[in-house]
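Undergrad: There's a structure below that I have some questions on.
The values are calculated or read from the model by the stated rules, or taken from the named source; none is laboratory data. The structure presented is a predicted model; accordingly, all values stated were derived computationally and were not measured. Here Cβ is always computed from backbone atoms with ideal geometry, including for glycine, and neighbour counts include all displayed protein chains.
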Amino acid sequence: MKYVEVVAKPRSSDTVARIAEKEKALDFRLGAVGEDGMQYMRLVVGDERLQDVLDALQTVLGAQESARIMVLPLEASLPRVEDGEDEKKRAAITARETLYEEAERAARLDRDYLILVALSTVVAAIGLVENNVAVVIGAMVIAPLLGPNLALSLGTSLGDVKLVRKAIQKLGLGIGFAVALSAALGAVLPVALNSPELMVRTDAGLDSVALALASGAAAALSMTTGLPAVLVGVMVAVALLPPATTLGLMLGSGDFVLASGAGLLLAVNVVSVNLASKLVFLMKGVRPRGWLEKRQARRSTLVYIVAWLVALGVLLGAIYWRAALPT
């Protein structure tokens, strides 16, 4: 459940009350009119109804520049309210506005992001070279690669070019920084780069595609349902950080054949993660509110999905071609 507080002109109270009744709000209260002439109105709304309520409120209150709509989490309501049959049939989804706030925050490029990328890359490089699985897992726990991927998929779902641009910039810079840093490490590390943990990241296969698709789908589901994304972030890092680090290490050591394999794996995983997360957003019905924005979002969604499918097809062809080469 969510606690929705509306601050609007008193003449809007009847309209807000009708919205509360239509959307089956669990509770609706009118507050006092403040000194500024604005009235407080409070609704308790089930998660499955929240998006519809917010869309309706924005439609009727959009012309009031001073109107405000605030959404707060509600830990408990007593006595406990049982879900009706209609609510049980509807899949709960995090409100679009909440998703956008999370994605916009995740797409911001700052110093902390680069520091975390650097730290996770160094830890991953050590774990890969020393064949230490625990250290590699530790690197993936701190790798901040989940946010930009989800922001990219959500941006296309909402037709938000600005968010897409920021997400691409952050994701590209993060992966590029990881590759460059690990390449520098590969040039100076005094050990042979042939550990099993490292070598397995130089060979892309269908299992890699399946892992990346599952990671991207799980990430988008965790975001839309409000579930903790910590473990899902590790899954996405599994698909992206080790191949990026391996690519850099091989480039730094001068082994361009193995580097090409790691680069292919990284490209396959980036495409698969973003394709799967985009399809989940589409399946969950994440789209803009206005009709014009919806039309733009449909166009960007189509272009986005087709582009990723074509890219994945090309990469799968490269995998089969690479596997057919004589050893």
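Undergrad: Filter the range 114-143 down to residues that are buried (at least 20 other Cβ atoms within 10 Å of the Cβ) and either touching a residue at least 40 places away in the same chain (Cβ under 8 Å) or not assigned by TED's automatic domain parsing to the domain that holds L275 (or both), then give me how many there are.
TA: Adding up the residues that qualify gives 12.
Undergrad: Inspect the range 266-274 for any residue being of a type outside the set (F, W, Y), touching a helix residue (DSSP H, G or I) at 6+ places or on another chain (Cβ under 7 Å), within 16 Å of A125 (Cβ to Cβ) and surrounded by 14 or more Cβ atoms within 10 Å (Cβ to Cβ) and give the result as yes or no.
TA: yes
Undergrad: Hey, another quick one. Do you know which residues across the range 23-51 are out of contact with any Pro (no Cβ under 9 Å at 6 or more places or on another chain) and more than 21 Å from S77 (Cα to Cα)?
TA: A32, G34, E35, D36
Undergrad: Shifting gears a bit: Does E85 qualify as being outside the structural domain of A20 (by TED's automatic domain parsing), acidic (D, E), modelled with pLDDT under 85 and surrounded by fewer than 17 Cβ atoms within 10 Å (Cβ to Cβ)? Working first, answer last.
TA: Working: outside the structural domain of A20 (by TED's automatic domain parsing): no; acidic (D, E): yes; modelled with pLDDT under 85: yes; surrounded by fewer than 17 Cβ atoms within 10 Å (Cβ to Cβ): yes.
Criteria not met by E85.
Undergrad: Restricting the range 89-130 to residues that are of a type in the set (D, E, K, R) and assigned to a loop (DSSP other than H, G, I, E, B), which is modelled with the lowest pLDDT?
TA: In this case the residue turns out to be R90.
Undergrad: Out of all the residues in the range 264-282, is one or more in the same structural domain as N149 (by TED's automatic domain parsing) and free of Cβ contacts under 8 Å to residues at least 40 places away in the same chain?
TA: Looking through the range 264-282, none of the residues is in the same structural domain as N149 (by TED's automatic domain parsing) and free of Cβ contacts under 8 Å to residues at least 40 places away in the same chain.
Undergrad: Which condition breaks for E48 when tested against (1) within 26 Å of E101 (Cα to Cα); (2) surrounded by fewer than 15 Cβ atoms within 10 Å (Cβ to Cβ); (3) not hydroxyl-bearing (S, T, Y)?
TA: (2)
Undergrad: Let me ask something else about it. Please find, among S215, S182, S157, S153, the residue that is buried (at least 24 other Cβ atoms within 10 Å of the Cβ), in the same structural domain as M283 (by TED's automatic domain parsing) and touching a Lys or Arg at 6+ places or on another chain (Cβ under 6 Å).
TA: Exactly one residue qualifies, and that residue is S153.
Undergrad: Further question: Of the residues L231, L247, L325, L282, which single one is within 28 Å of V200 (Cβ to Cβ) and modelled with pLDDT of 80 or more? Full working, then the answer.
TA: Numbers: L231 fails: modelled with pLDDT of 80 or more; L325 fails: modelled with pLDDT of 80 or more; L282 fails: within 28 Å of V200 (Cβ to Cβ).
Going through L231, L247, L325, L282 in turn, the sole match is L247.
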